1. Test each condition in (1) among the small types (G, A, S); (2) open to solvent by 40 Å² or more (accessible area, probe 1.4 Å); (3) under 15 Å from the mean Cα position of the chain (by Cα) for G43 and report the one that comes out false.
2. Which one of Y57, Y51, Y3 is out of contact with any strand residue (DSSP E or B) (no Cβ under 9 Å at 6 or more places or on another chain), among the aromatic types (F, W, Y) and open to solvent by 80 Å² or more (accessible area, probe 1.4 Å)?
3. Assuming I73 fulfils every condition listed in (1) more than 21 Å from N9 (Cα to Cα); (2) in contact (Cβ under 8 Å) with a residue 40 or more places away in the chain; (3) open to solvent by 70 Å² or more (accessible area, probe 1.4 Å) apart from one, which condition is it?
4. Taking the options A65, A39, name whichever one is of a type in the set (A, V, I, L, M) and touching a strand residue (DSSP E or B) at 6+ places or on another chain (Cβ under 9 Å).
5. Can you pull out the residues in the range 74-114 that are at pLDDT 50 or above and among the polar types (S, T, N, Q)?
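The values are calculated or read from the model by the stated rules, or taken from the named source; none is laboratory data. Because the structure is predicted, anything quoted here is derived from the model rather than measured. Every residue, glycine among them, receives a Cβ derived from its backbone with ideal geometry; neighbour counts consider all protein chains shown. Side chains are part of the model used for accessible areas, which takes the heavy atoms of the whole protein and leaves out ligands, DNA and RNA. Shrake-Rupley method; radii C 1.70, N 1.55, O 1.52, S 1.80 Å.
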Amino acid sequence: MDYKVMEINLEQQKLISTPLRDKIIYLLSERIMTAKQVADELGKTAGSIHYHIQLLYKGGILELAETRENKGIVEKYYRSKATHFHLKGTDPRRKGITTKGISLEFTEEELKEFEDDYDVLLEKWLKRTVSHKEGRSSYTLSLEFKKHPSGEDV
């Protein structure tokens, strides 16, 4: 899979911050698909997935890759503009992570390695959970990157 990064604003961040939309973006980064094809892959209704795809499209996260006519019906194929998203305006000098009360501190190199490992882990999780399994609970995972409280580069 190609590694494409897109800088996004806060509205776009909110738009992509759901597990279902993460899965849609993941599938559409793998290959172009229609809303119906995505719905079939995820075991969801076409109407529900079409709604989410339209929000992502209007929000600038997805693009229309092509249209095809099939038995008089115009099929729209979408693709994700990126595989990784970075919020505009975040501090590029960030040095640490705080999650569940645990603070981790990194050198620049360690932080880059951690972010790369996190991306691999997230991609593995998406691949594993992009199947339609009944009874699955939804949770949201978020990581906050911030400068050390002392304000010093550690």
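1. (3)
2. On the way: Y57 fails: out of contact with any strand residue (DSSP E or B) (no Cβ under 9 Å at 6 or more places or on another chain); Y3 fails: out of contact with any strand residue (DSSP E or B) (no Cβ under 9 Å at 6 or more places or on another chain).
The match here is Y51.
3. Of everything listed in (1) more than 21 Å from N9 (Cα to Cα); (2) in contact (Cβ under 8 Å) with a residue 40 or more places away in the chain; (3) open to solvent by 70 Å² or more (accessible area, probe 1.4 Å), I73 misses just condition (2).
4. Values: A39 fails: touching a strand residue (DSSP E or B) at 6+ places or on another chain (Cβ under 9 Å).
Answer to the selection: A65.
5. Within the range 74-114, S80, T83, T90, T107 meet the criteria.
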